1. Applying the selection to segment B:219-249, what residues are assigned to a loop (DSSP other than H, G, I, E, B), in contact (Cβ under 8 Å) with a residue 60 or more places away in the chain and either under 27 Å from A:Lys123 (Cβ atoms) or within 17 Å of the chain's Cα centre (by Cα) (or both)?
2. Just a yes or no: is a residue in segment B:334-346 within 14 Å of chain A (Cβ to nearest Cβ) and assigned to a loop (DSSP other than H, G, I, E, B)?
3. Test B:Gly239 against the stated conditions and say whether it is among the small types (Gly, Ala, Ser) and within 13 Å of chain A (Cβ to nearest Cβ).
4. Would you say A:Thr70 is crowded, with 16+ Cβ neighbours inside 10 Å and without any contact (Cβ under 8 Å) to a residue 60 or more places away in the chain?
5. I'm trying to understand the selection: among the residues of segment B:300-333, which are more than 14 Å from every other protein chain (Cβ to nearest Cβ), surrounded by fewer than 24 Cβ atoms within 10 Å (Cβ to Cβ) and among the hydroxyl-bearing types (Ser, Thr, Tyr)?
6. Restricting the search to segment B:264-299, which residues are of a type outside the set (Val, Ile, Thr), in contact (Cβ under 8 Å) with a residue 60 or more places away in the chain and either crowded, with 24+ Cβ neighbours inside 10 Å or part of a strand (DSSP E or B) (or both)?
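Taken together, the values in this text are just the output of simple stated rules run on the coordinates, not laboratory data. The structure presented is a predicted model; accordingly, all values stated were derived computationally and were not measured. All Cβ positions, even for glycine, are placed from backbone atoms using ideal geometry, and neighbour counts span all protein chains on display.
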Amino acid sequence: LGKTSVVLTAISLLALAAVGCAEDSANQYEKAGTTATDGGSPTAEAVKPIEIVIDNFTFSPAELTIAAGTKVTWVNHDDVPHTATSTAKPRSFASGTLDTDEKFSHVFTTPGTYEYFCAVHPKMTGRIIVK
Amino acid sequence: MIFQETRSAASSGDKLFHMERPTNACSDFRPIAFTGGTRMTDRIIPKEQADGIDRRGFLECMTWVGTGLAWSVCGGVLSSRALGADPKKAPQAAFTFVQISDSHIGFNKPPNQDVTATLQQAVAKINALPTRPDLLIHTGDLTHLAKPSEFDTVGQVLKTAKTSRVAYVPGEHDVFTDDGKLYLERYGKGTKGAGWHSFDHKGCHFIGLVNVANLKPGGLGTLGLEQLDWLKKDVQGLGASTPIVVYAHVPLWTVYAKWGWGTEDSAQALALLKRFGSVTVLNGHIHQTLQKIEGDVTFHTARSTAFPQPEAGKAESPGPIKNVPADKLRSVLGITNVAYVEGKNSLAIIDASLE
């Protein structure tokens with residue numbers, strides 16, 4: 001009985017150790033991925049909602065890297081209408097008309113690179129990278 | 001053959017021309033274009049006389065077209081015989097037509113919180129012209145946001161214009177919300193594709209092109225293969241002496257690529273028109289007058305009836321010039337009057353402000 005108990009304990013410990021290892025490596029992987037994505041910024045900031053400002057016919061920031069699940073909001077501060085329209089077909093998102101001070105939000109759930117532009121002023125382009 | 005040789009010399013590019021500020025060479029010139037506190041570059045003066053055009057004749061010609069900001073428009077060899085040496089023998093125009101542009105109905109911010117009123121003033125200006133125009137051409141951005149009520153207002157105001165026919169091409173503001181569906185319903189009846197069309201009027205061939213549909217990210221205006229193919233067929237039966245008037249919203253030459261002021265495939269359209277002795281290209285979009293003559297082609301942009309925009313590259317963005325004093329606003333808005341003289345193949349373009 002004593003022998004069995006020791007063996008079981010040993011197995012349990014091994015199992016725990018194995019789980020611990022798995023968890024550790026998963027965390028590390030995630031951290032490594034997040035680090036690469038955010039260029040060193042803390043993980044907590046990546047999931048915060050992010051605002052892209054339209055000013056002087058420019059998206060700011062024009063390129064943005066975010067974690068999956070992040071909500072991005074565009075706000076137009078120009079005196080003329082703009083849009084944030086995905087270049088993909090079919091479009092993965094399209095704001096429709098954003099007149100002065102109007103906003104549009106989209107939650108990016110799937111990793112990938114999302115190019116977009118202003119359908120009124122196509123010289124205006126932006127990119128969102130979802131990790 | 002002489003015609004063709006001369007053309008190739010002229011089409012060697014812009015080298016034959018350079019932009020200068022207006023001079024007082026002709027007493028009737030009264031430059032009135034005024035944008036953001038600086039005089040605009042208004043007129044093109046030939047650097048050389050290599051194309052054989054009688055430039056003095058241009059200036060004299062302008063005396064009969066009246067005051068306002070007058071442009072020399074008679075590009076190409078044929079125009080040299082279009083202009084009589086004696087300005088007193090003023091030719092009578094076979095007909096005139098008017099271009100208006102960028103009414104942006106729905107815009108309500110500085111410098112113009114009542115764009116309907118300024119469109120009405122533009123129509124009043126048209127109705128007060130000494131010669132009733134045969135046609136009225138609106139070169140796009142009828143509306144600001146392509147709303148049904150905005151399209152309604154445009155129609156209601158332009159209905160009061162004393163003219164026989166109104167032709168439209170859309171601007172990007174008219175089509176961006178619904179890929180032009182409402183525009184085509186209201187203003188594009190009987191047109192092809194995204195709204196392109198052509199018609200003949202008293203010997204002139206008018207072509208309305210659409211360069212604001214299917215805009216590509218990062219790109220300029222675009223005509224597209226379908227429209228170019230249509231254009232090719234549209235003009236193939238015409239004699240080379242037929243005066244051609246082309247109108248589209250975005251300039252059909254690159255004014256300033258960084259701000260999207262140009263059309264990617266305009267060169268292909270112009271190549272199809274190269275054999276014609278008189279081509280006049282009228283555009284809007286940039287809310288200021290600008291002109292270029294290249295060979296037999298005269299390019300011209302009209303003022304907006306709503307608000308002025310900065311000269312290319314002279315501001316951070318092409319947005320409206322906001323700080324126009326209320327008493328100066330009408331001086332930066334305007335209409336364009338064009339006269340065609342039968343048998344002369346020359347079109348005289350006059351820009352007039354709403355003052």
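1. Taking segment B:219-249 as the starting set, the residues that turn out to be assigned to a loop (DSSP other than H, G, I, E, B) are B:219-220, B:223-224, B:236-243, B:249.
Still in the list and also in contact (Cβ under 8 Å) with a residue 60 or more places away in the chain: B:241, B:243, B:249.
B:Pro243, B:His249, listed by residue number.
2. no
3. Details: among the small types (Gly, Ala, Ser): yes; within 13 Å of chain A (Cβ to nearest Cβ): no.
No; evaluated as a whole, the condition is false for this residue.
4. No: the conditions fail for A:Thr70.
5. Once the filter is applied, which keeps residues that are more than 14 Å from every other protein chain (Cβ to nearest Cβ), surrounded by fewer than 24 Cβ atoms within 10 Å (Cβ to Cβ) and among the hydroxyl-bearing types (Ser, Thr, Tyr), segment B:300-333 yields only B:Ser331.
6. B:Ser278, B:Leu282, B:Asn283, B:Gly284, B:His285, B:His287, B:Gln288, B:Leu290, B:Gln291, B:Lys292, B:Glu294, B:Asp296
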